[in-house]
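Here the structure is laid out as structure tokens; the discussion comes afterwards.
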Amino acid sequence: MRDDTRAVFPRAQEPMKKRVVRAEEFEVVDELGHVRMRIGLSADEHPFFSMLDADGSVRARFGVQADGAAGLAIADDNGKVRATFGLSSDGSASLAFGDKNGRIRAKFGLGSDASPTMGVDVEDGELEHRHKLAEQGTPTMGLYDQRGKVRVRLGLAAGGAPVLRLLDADGTVRAIVGLANDDSPFVQFLEDDGKRPGWTQR
């Protein structure tokens with residue numbers, strides 16, 4: 001009896017032909033015909049991948065922007081984004097969590113200079129407490145007002161000495177309290193430009 005299995009099953013060593021399917025958008029539907037996944041281009045020609053629930057609401061979406069930024073957003077069953085993870089075009093990365101109203105309440109990440117940052121919302125949707133490492137690698141903590149302007153910054157100077165800085169409504173440093181490199185205490189008031197010392201006590 002002749003073996004015809006070779007006609008049905010190709011040999012393992014035989015190369016398979018590659019085929020490319022091209023389309024502007026793909027949709028995957030469930031047994032009821034509801035779209036559950038969608039792959040395509042947005043209105044501004046940016047690629048995206050979305051996953052939908054049975055009601056047709058987008059629950060997760062991954063996309064890439066023209067400037068190279070990429071991100072993932074996860075929404076709840078009310079359509080409010082509750083978590084995001086992304087990489088910006090400047091190299092900064094972030095992980096953020098939102099409340100049921102879609103307001104960001106906590107954020108963690110790396111700045112464009114690779115310094116780690118952390119923010120925690122405490123009231124009215126504003127990030128009031130933020131912790132990060134400064135560019136020289138020293139830890140700092142900032143207190144922000146309702147407009148998102150830092151008003152108090154506590155941290156370590158480049159040499160490791162503790163420093164407390166008080167800023168005005170425009171974000172300009174107006175007073176500094178801390179220890180000098182020789183561990184001697186000092187208080188300094190600065191002029192309107194935040195650079196020229198107006199009064200110093202050591």
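The values are calculated or read from the model by the stated rules, or taken from the named source; none is laboratory data. The shown structure was predicted, so the numbers you read here are calculated from the model rather than taken from an experiment. Here the Cβ is made from the backbone with ideal geometry for all residues, glycine too, and neighbour counts use every protein chain on show. These area figures cover heavy atoms from the full protein model, side chains too; ligands, DNA and RNA do not enter into them. Shrake-Rupley method; radii C 1.70, N 1.55, O 1.52, S 1.80 Å.
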The range 149-190, residues that are of a type in the set (D, E, K, R) and open to solvent by 70 Å² or more (accessible area, probe 1.4 Å): LYS149, ARG151, ARG165, ASP170, ARG174, ASP182, ASP183
Which of the residues that make up the range 61-99 are open to solvent by less than 30 Å² (accessible area, probe 1.4 Å) and part of a loop (DSSP other than H, G, I, E, B)? ALA69, ASP76, SER92, ASP99
Return the pairs, sorted by first residue and then second, in which the second residue is open to solvent by 60 Å² or more (accessible area, probe 1.4 Å) and part of a loop (DSSP other than H, G, I, E, B), the first residue lies in the range 48-71 and is over 20 Å from PHE97 (Cα atoms), the beta carbons are less than 7 Å apart, and the residues are 6+ apart or on different chains. ASP53/ASP77; ALA54/HIS34; GLY56/HIS34; ASP67/SER89; GLY68/SER89
Does at least one position in the range 78-88 carry a residue that is modelled with pLDDT under 95, among the charged types (D, E, K, R) and farther than 30 Å from ASP113 by Cβ? yes
Within the set of pairs 6 or more residues apart or between chains, which connect a residue that is under 13 Å from LEU52 (Cα atoms) inside the range 19-33 to a residue that is part of a strand (DSSP E or B) with Cβ atoms less than 6 Å apart? GLU27/VAL35; GLU27/ARG38; VAL28/ARG36; VAL28/MET37; VAL29/VAL35; ASP30/ARG36
